[in-house]
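Presented below is the structure to which this report refers.
The values are calculated or read from the model by the stated rules, or taken from the named source; none is laboratory data. The structure displayed is predicted, hence computed values, not measured ones. Quick reminder, even Gly has a Cβ in these numbers, built from the backbone with ideal geometry, and neighbours come from all protein chains shown.
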Amino acid sequence: MTKFMATVEYDGTAYHGWQLQKALPTIQGAMETALARILGKLIRVHGAGRTDAGVHATGQVGHFSAEWNRPASDLQKGLNALLPQDVMIRELAVAPDDFHARHSAFSKIYVYSIFNRPLRSPLNRFYWWHVPYTLDFDSMKEAASHLVGTHDFAAFGNPTDGTPSTVRRIIKADWCSDEDLGLLSFTICGTGFLRYMVRSIVGTLVLVGTGKIGPSDFLGVLESRNRSQSGPKAPPHGLCLHSVEY
């Protein structure tokens with residue numbers, strides 16, 4: 001048996017997230033179906049983490065073990081020929097026996113995109129959250145700076161399976177702006193994330209941008225560790241798992 005590491009890019013619009021769900025389309029399900037057609041049996045694929053329904057990825061990572069005696073590039077080509085057009089294996093490589101897509105990961109980077117113009121963008125409606133009202137970019141940047149470090153993020157998310165603690169370490173959290181496109185991008189890098197954490201953070205930061213709460217209030221939400229204090233979750237389609245670092 002050979003262990004493989006797969007870097008996966010996908011448009012999550014038509015899927016109910018990464019993880020298998022009965023009778024619902026998922027990215028894991030699409031990969032396992034393609035592998036079964038090539039190898040003639042069920043091959044379990046393990047991901048670096050879940051992504052919610054409608055969330056995208058340019059650098060999700062999964063691993064699986066299979067009996068394959070040809071180059072990894074041949075298996076990659078076969079999988080990409082069978083996978084739906086909205087899922088692609090960007091890279092496939094032989095991995096060490098002790099590699100685990102989730103447990104071996106050092107950090108993950110997510111990017112959330114907001115289209116901040118009065119008129120919506122039809123071509124990007126599945127990838128950017130359209131916020132038509134003016135946002136205070138500097139206040140959002142100031143509020144985001146409070147996220148860096150090790151904190152209890154219970155106010156922004158739920159524990160993941162097998163990890164009951166809500167404490168996580170954030171390495172980077174910052175906004176950048178492309179005024180020509182009207183695009184605001186929030187990049188957050190951390191050693192781990194709670195379920196819905198990034199979307200809840202973005203939704204609360206947008207409250208800062210509208211002036212409904214200030215940067216110091218955002219810090220108060222974080223320190224409250226109270227889920228009811230955070231803002232509404234940002235829509236899933238603006239979120240993309242950019243990469244997983246090992």
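Miscellaneous remarks
- Selected residue (criterion: farthest from D161 (Cα to Cα)) from residues of region 16-44 that are part of a loop (DSSP other than H, G, I, E, B) and in contact (Cβ under 8 Å) with a residue 24 or more places away in the chain: H16
- Residue satisfying all of: in region 146-166; surrounded by 14 or more Cβ atoms within 10 Å (Cβ to Cβ) and outside any loop (DSSP other than H, G, I, E, B); modelled with the lowest pLDDT among these: T160
- Out of D174, D178, D138, sole residue that is over 28 Å from D11 (Cα atoms), of a type in the set (D, E) and surrounded by fewer than 18 Cβ atoms within 10 Å (Cβ to Cβ): D138
- Qualifying residue in region 49-68 (condition: of a type outside the set (K, R), within 16 Å of M5 (Cα to Cα) and exposed (fewer than 14 other Cβ atoms within 10 Å of the Cβ)): yes
- Test set (1) among the charged types (D, E, K, R); (2) closer than 20 Å to D161 by Cα; (3) in contact with a helix residue (DSSP H, G or I) (Cβ under 8 Å, 6 or more places away or on another chain) - D86 fails condition number: (2)
- Test: residue in region 213-229 that is among the polar types (S, T, N, Q), out of contact with any Lys or Arg (no Cβ under 6 Å at 6 or more places or on another chain), assigned by TED's automatic domain parsing to the domain that holds S113 and not in a helix (DSSP H, G or I): yes
- Check on L123, exposed (fewer than 15 other Cβ atoms within 10 Å of the Cβ), out of contact with any helix residue (DSSP H, G or I) (no Cβ under 6 Å at 6 or more places or on another chain), without any contact (Cβ under 8 Å) to a residue 60 or more places away in the chain and not in a loop (DSSP other than H, G, I, E, B): yes
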